[in-house]
Amino acid sequence: MTHDLELEIVLGRIRPRERLVEDELMAKFRAKRHVVRSALNELEQRGLIERRQNKGARVREYTRDEVKALYEFRAELHRLAISKINLPLDDETVARMADLADAHEAACADGRLADVIEHNNAFHDCLFDRCGNPFLATTIRQVGAAANSIRSYRIADPNLLKQAASEHRAMIEAARVGDREELDRLVERHILPSRNLYLKDQASQSEIVYPATVWP
């Protein structure tokens, strides 16, 4: 059930600030209470949901400063991983990334959003696993999971999904020819749309307009 609940959040079907009521989740997923509680505990540990006294569990909402800190950290981790990858990538890894990019694009075209997420994650795991440091690769996965409620904002926009697919192709080419600077630029740019949409939504709710692409 943990995977299914996380998928609902990543797909934007359950949004930040939305309450997660045990009885409703039991009915929705046809699960026993202890299974629901176990899933909530695991997602809380991952930073995807939060519990507040007398208010129960809800999908975590990040403040603007927390979003800034989280995405700066993600970018730093990605840069570190890219700096450690032996470039140009070997033919086998390039072929694997190309296959995953194909699968991602096909899922986007068919509207299979759960598969879009799966193939997108596998694509980036394939790249970052080449850094040669399993602890770094695992940390990138964990921090990415903590940002899932933010990343959900991109999945609902077909144009941004097309942009993501195009960036995947550009990453493959940069890795294939060994252009580390370009690969680093592409990877950093790749995570910005979700962050920007999240901040835009947050600003609209507070009736404050912040710049979408730059930090003060």
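The values are calculated or read from the model by the stated rules, or taken from the named source; none is laboratory data. Here the structure is a predicted model, which is why all the values come from computation and not from measurement. For neighbour counting, all protein chains shown are included, and Cβ atoms are generated from backbone atoms with ideal geometry for every residue, glycine included. Protein only, heavy atoms only, side chains kept; ligands, DNA and RNA dropped before computing areas. Shrake-Rupley method; radii C 1.70, N 1.55, O 1.52, S 1.80 Å.
Evaluation of residue 98 against the conditions (1) farther than 20 Å from residue 12 by Cα; (2) open to solvent by 70 Å² or more (accessible area, probe 1.4 Å) shows that the sole unmet condition is (2). The C-beta contact set for the stretch 116-142 (first residue closer than 17 Å to residue 184 by Cβ and touching a residue at least 24 places away in the same chain (Cβ under 8 Å), second residue outside any helix (DSSP H, G or I) and open to solvent by 30 Å² or more (accessible area, probe 1.4 Å), distance under 8 angstrom, 6+ apart or interchain) comprises 130/86; 132/86. Across the stretch 47-64, the qualifying residues are those that are closer than 17 Å to residue 22 by Cβ and touching a residue at least 24 places away in the same chain (Cβ under 8 Å), and the one among them that is nearest to the chain's Cα centre (by Cα) is 48. Determine, yes or no, whether residue 146 is at pLDDT 95 or above, open to solvent by less than 40 Å² (accessible area, probe 1.4 Å) and either over 19 Å from residue 188 (Cα atoms) or of a type in the set (Gly, Ala, Ser) (or both). The answer is no for residue 146.
In the condition set (1) surrounded by fewer than 16 Cβ atoms within 10 Å (Cβ to Cβ); (2) touching a helix residue (DSSP H, G or I) at 6+ places or on another chain (Cβ under 8 Å); (3) over 30 Å from residue 171 (Cα atoms), residue 80 is compliant with all but (3). The criterion of being over 26 Å from residue 110 (Cβ atoms) and in contact (Cβ under 8 Å) with a residue 24 or more places away in the chain does not hold for residue 157.
The numbered conditions (1) at pLDDT below 95; (2) on the phi > 0 side of the Ramachandran plot; (3) not aromatic (Phe, Trp, Tyr) are all true for residue 178 except (1). Among residues of the stretch 78-98 that are under 12 Å from residue 130 (Cβ atoms), those with a beta-carbon under 7 Å from a residue that is exposed (fewer than 15 other Cβ atoms within 10 Å of the Cβ) and of a type in the set (Val, Ile, Thr) at least six positions away or on a different chain give the pairs 88/177. From the set of residues in the stretch 9-43 that are in contact with an Asp or Glu (Cβ under 7 Å, 6 or more places away or on another chain) and at pLDDT below 90, which is nearest to residue 139 (Cα to Cα)? That would be 43. Counting the residues of the stretch 56-73 that are assigned to a helix (DSSP H, G or I) and either open to solvent by 20 Å² or more (accessible area, probe 1.4 Å) or among the small types (Gly, Ala, Ser) (or both) gives 8. Taking the criterion of being loosely packed, with under 14 Cβ neighbours inside 10 Å, more than 25 Å from residue 203 (Cβ to Cβ), in contact (Cβ under 8 Å) with a residue 12 or more places away in the chain and among the hydroxyl-bearing types (Ser, Thr, Tyr), would at least one residue in the stretch 38-46 satisfy it? Among the residues of the stretch 38-46, not one is loosely packed, with under 14 Cβ neighbours inside 10 Å, more than 25 Å from residue 203 (Cβ to Cβ), in contact (Cβ under 8 Å) with a residue 12 or more places away in the chain and among the hydroxyl-bearing types (Ser, Thr, Tyr), which makes the answer no. Taking the criterion of being more than 14 Å from residue 97 (Cβ to Cβ), touching a residue at least 12 places away in the same chain (Cβ under 8 Å) and open to solvent by 80 Å² or more (accessible area, probe 1.4 Å), the only residue of the stretch 169-185 that qualifies is 180.
Considering the stretch 1-55, the qualifying helices (runs of 4 or more DSSP H), each wholly inside and each with 1 or more residues that are among the aromatic types (Phe, Trp, Tyr), run over 22-29. Every listed requirement among (1) surrounded by 13 or more Cβ atoms within 10 Å (Cβ to Cβ); (2) out of contact with any strand residue (DSSP E or B) (no Cβ under 9 Å at 6 or more places or on another chain) is met by residue 33 save one, (1).
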